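What follows is one structure encoded as structure tokens, with my remarks underneath.
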Amino acid sequence: MIILFERMIYMSCLKIDDLHVDVDGKQILKGVNLEIHEHETHALMGPNGNGKSTLLAAIMGNPKYHVTRGSITLDGQDVLAMEVDERSKAGLFLGMQYPSEVSGVTNSDFLRAAMNARRERPIPLFTFIREMEKTVKEMEMKPDLAHRFLNEGFSGGEKKRNEIVQMKMLKPSIAMLDEIDSGLDVDALKLVAKMIHEMQIEQGMGLVVVSHYARFLDLLKPTHAHVLVDGAIVVSGGSELIEKIDQEGYDWIEKEYHVQVVKEEKKKVALLQQCAAGTKGV
């Protein structure tokens with residue numbers, strides 16, 4: 001008798017449902033709904049100051065961002081119930097727009113500790129060294145990267161490449177990149193896009209990328225595109241949406257979807273008005 005076993009295929013899924021987030025008592029996200037699966041690349045666009053970075057920070061558990069309503073799940077697990085390190089262990093990764101410098105901690109020490117936190121058994125030292133040397137070489141960075149303090153004295157471009165080195169070594173199931181393209185030249189953009197494609201092919205990584213640079217998005221070839229305006233996703237589509245925004249900007253969204261695009265200039269004016277009002281009568 002021949003018994004056939006059906007092989008279950010495991011597919012990671014990050015699901016955001018009706019997410020509301022406050023920062024310093026002010027509501028920034030106003031009901032975000034988004035679902036990211038393995039192998040997918042989601043481009044998250046929108047004018048500065050409308051909540052893109054807030055969304056990624058809230059997913060990773062930055063304590064500055066307070067979730068007041070909604071849910072975030074990764075493969076059915078409640079992400080909001082996890083500590084920051086637990087979210088990383090579960091398979092989430094955030095490549096930051098402004099990576100922090102950490103004096104006294106080398107890149108190799110940081111990465112090996114992060115990798116071991118995700119494993120049942122520590123990675124053998126020589127296996128780690130070979131893997132890191134290979135990844136650093138692929139990213140065309142200096143061989144001494146492993147021994148340098150984390151991002152200390154790095155140029156803007158080096159910091160962004162180092163984020164990709166970390167992502168490649170940690171092998172997340174869902175990665176989020178917040179304007180990782182800023183500070184990179186054309187050749188570096190091509191290299192980063194190549195590394196991302198390889199990771200998606202090899203391990204099925206899902207990706208959310210925040211970028212204003214159409215050239216970078218064209219290299220990544222997103223499967224989905226979303227525009228986040230005033231704390232909510234107002235329109236989703238594919239490459240045609242990216243192309244339209246590149247050509248026409250965001251003004252058409254206000255007319256077509258009856259929303260008001262929050263612009264940083266308006267925020268600055270409002271802040272100055274508040275400051276002026278506060279000084280009256282002093």
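Where a number appears in this text, it was derived from the coordinates with a stated rule and is not lab data. Just so it is clear, the structure is predicted and the values come from calculations on it, not from any experiment. Backbone-built Cβ (ideal geometry, glycine too); neighbour counts: all protein chains shown.
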Exercise. Pairs Lys52/Lys142; Lys30/Lys255; Lys171/Lys221; Lys221/Lys255; Lys52/Lys255: which are spaced more than 30 Å apart, C-alpha to C-alpha?
Worked result: Lys52/Lys142
For this session: List the residues whose amide H sits under 5 Å from the amide H of Cys13, counting only those 5 or more places along or on another chain, with H placed 1.01 Å from N in the peptide plane.
Result: Asp75
Problem set entry | Reach of Lys194 by Cα under 16 Å, taken over aspartates and glutamates that are not fewer than 8 positions away in the same chain | Glu40, Glu138, Glu140, Glu163, Asp181, Asp185, Glu202, Asp218
For this session: List Leu19, Leu184 from most exposed to least, where exposure is judged by having the fewest other Cβ atoms within 10 Å.
Result: Leu184, Leu19
Exercise. How do Arg148, Arg69 rank when sorted from fewest to most other Cβ atoms within 10 Å of their own Cβ?
Worked result: Arg69, Arg148
Exercise. Mind checking the dipole of region 48-122: about its Cα centre, +1 per Lys or Arg Cβ, -1 per Asp or Glu Cβ, Debye to the nearest 20?
Worked result: 120
For this session: Calculate, for Lys171 and Tyr257, the FRET efficiency according to 1/(1 + (r/R0)^6) with r their C-beta to C-beta distance and R0 35 Å; round to the nearest 0.05.
Result: 0.40
Exercise. Among the DSSP beta bridges whose two residues both lie in the chain, what percent are antiparallel, rounded to the nearest 5?
Worked result: 60
Exercise. Under the classification rounded if a/c is under 1.5, otherwise prolate if a/b is larger than b/c and oblate if not, where does region 75-133 fall, given a ≥ b ≥ c as square roots of the Cα gyration tensor eigenvalues?
Worked result: oblate
Exercise. How would you rank Tyr65, Tyr250, going from fewest to most other Cβ atoms within 10 Å of each one's own Cβ?
Worked result: Tyr250, Tyr65
Problem set entry | Note, ³J(HN,Hα) from phi for region 27-41, Karplus 6.51, -1.76, 1.60, rounded to Hz, x at Gly and Pro | 6, 10, 9, 10, x, 7, 10, 7, 9, 10, 10, 3, 6, 8, 10
Exercise. Simple spin-label model, 7 Å along Cα-to-Cβ: His197 to Val23 in nm?
Worked result: 3.4
Seminar exercise, completed: Mean 1/r over distinct Cα pairs of the chain, inverted to a Kirkwood Rh in Å, yields 20.4
For this session: Mind putting a number on the dipole of the chain about its Cα centre? Charges go on the C-beta only, +1 for Lys and Arg and -1 for Asp and Glu, and I need it in Debye to the nearest 20.
Result: 520
Problem set entry | R0 of 51 Å, Cβ-Cβ distance Arg130-Ser236: FRET efficiency to nearest 0.05 | 0.75
Exercise. Roughly speaking, what is the centre-to-centre gap between region 98-151 and region 27-89 when only Cα atoms are used, to the nearest Å?
Worked result: 26
Exercise. Calculated from DSSP H runs of 4 or more alone, at -39500 (n - 2.57) each and per residue, what is the 222 nm mean residue ellipticity of the chain, nearest 500?
Worked result: -12500 deg cm²/dmol
Seminar exercise, completed: Flagged as over-length at 20 Å C-alpha distance, from Lys134/Lys190; Lys137/Lys160; Lys26/Lys89, the pairs are Lys26/Lys89
